[in-house]
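Worksheet: one structure, shown below.
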């Protein structure tokens with residue numbers, strides 16, 4: 001319960017929470033657009049992605065009902081899954097390395113403090129400290145750290161950290177040019 005879930009409705013992702021789990025149905029908090037709840041009609045196909053320590057898992061379902069306020073909720077019948085959607089084939093290393101992230105699609109380009117929490121040849125997980133504006137999928141970044149750590153990449157997922165105000169965890173896929181640097185760091 002209270003697990004963060006990425007709910008996809010009509011190719012749009014929303015951050016929601018698990019409210020209840022039954023054998024064939026999951027109750028989720030209603031997604032929001034600004035302050036307005038989004039209540040998909042019954043029969044709407046959806047997919048949901050859950051992030052765990054061993055990767056991301058996805059299930060497909062159908063909205064059985066949406067309940068309006070005071071606490072909006074969406075009930076989803078699980079049709080298929082969960083199935084793993086991310087599997088790492090290369091080495092992965094957990095880290096706790098202070099880095100600066102330059103968000104290249106923002107102007108002016110200002111460094112944001114971050115913690116590089118894990119690193120693999122293909123990407124990494126960053127915990128951003130008070131970014132503004134909020135990070136976005138597709139955004140280009142440069143991760144700068146000690147000992148010539150310079151990794152270029154693109155944000156592939158974003159998770160708000162609800163327990164900490166204004167903090168986000170993001171997944172970054174490294175560019176092909178940065179993979180040798182990541183490989184070198186994995187070996188050190």
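Observations, loosely collected:
- The range 106-120, residues that are over 22 Å from residue 56 (Cβ atoms) and modelled with pLDDT of 85 or more: 111, 112, 113
- Counted residues, the range 21-34 - those being more than 20 Å from residue 80 (Cβ to Cβ) and either in contact (Cβ under 8 Å) with a residue 60 or more places away in the chain or not in a loop (DSSP other than H, G, I, E, B) (or both): 3
- All of 16, 21, 9 fail the test of being within 23 Å of residue 125 (Cα to Cα) and outside the structural domain of residue 168 (by TED's automatic domain parsing), apart from 16.
- Taken across the range 75-83, residues that are within 15 Å of residue 7 (Cβ to Cβ), touching a residue at least 24 places away in the same chain (Cβ under 8 Å) and surrounded by 18 or more Cβ atoms within 10 Å (Cβ to Cβ) do occur, with at least one present.
The values are calculated or read from the model by the stated rules, or taken from the named source; none is laboratory data. Keep in mind it's a predicted model, so treat the numbers as computed, not measured. Glycine also receives a Cβ, built like all others from the backbone with ideal geometry; neighbour counts cover every protein chain displayed.
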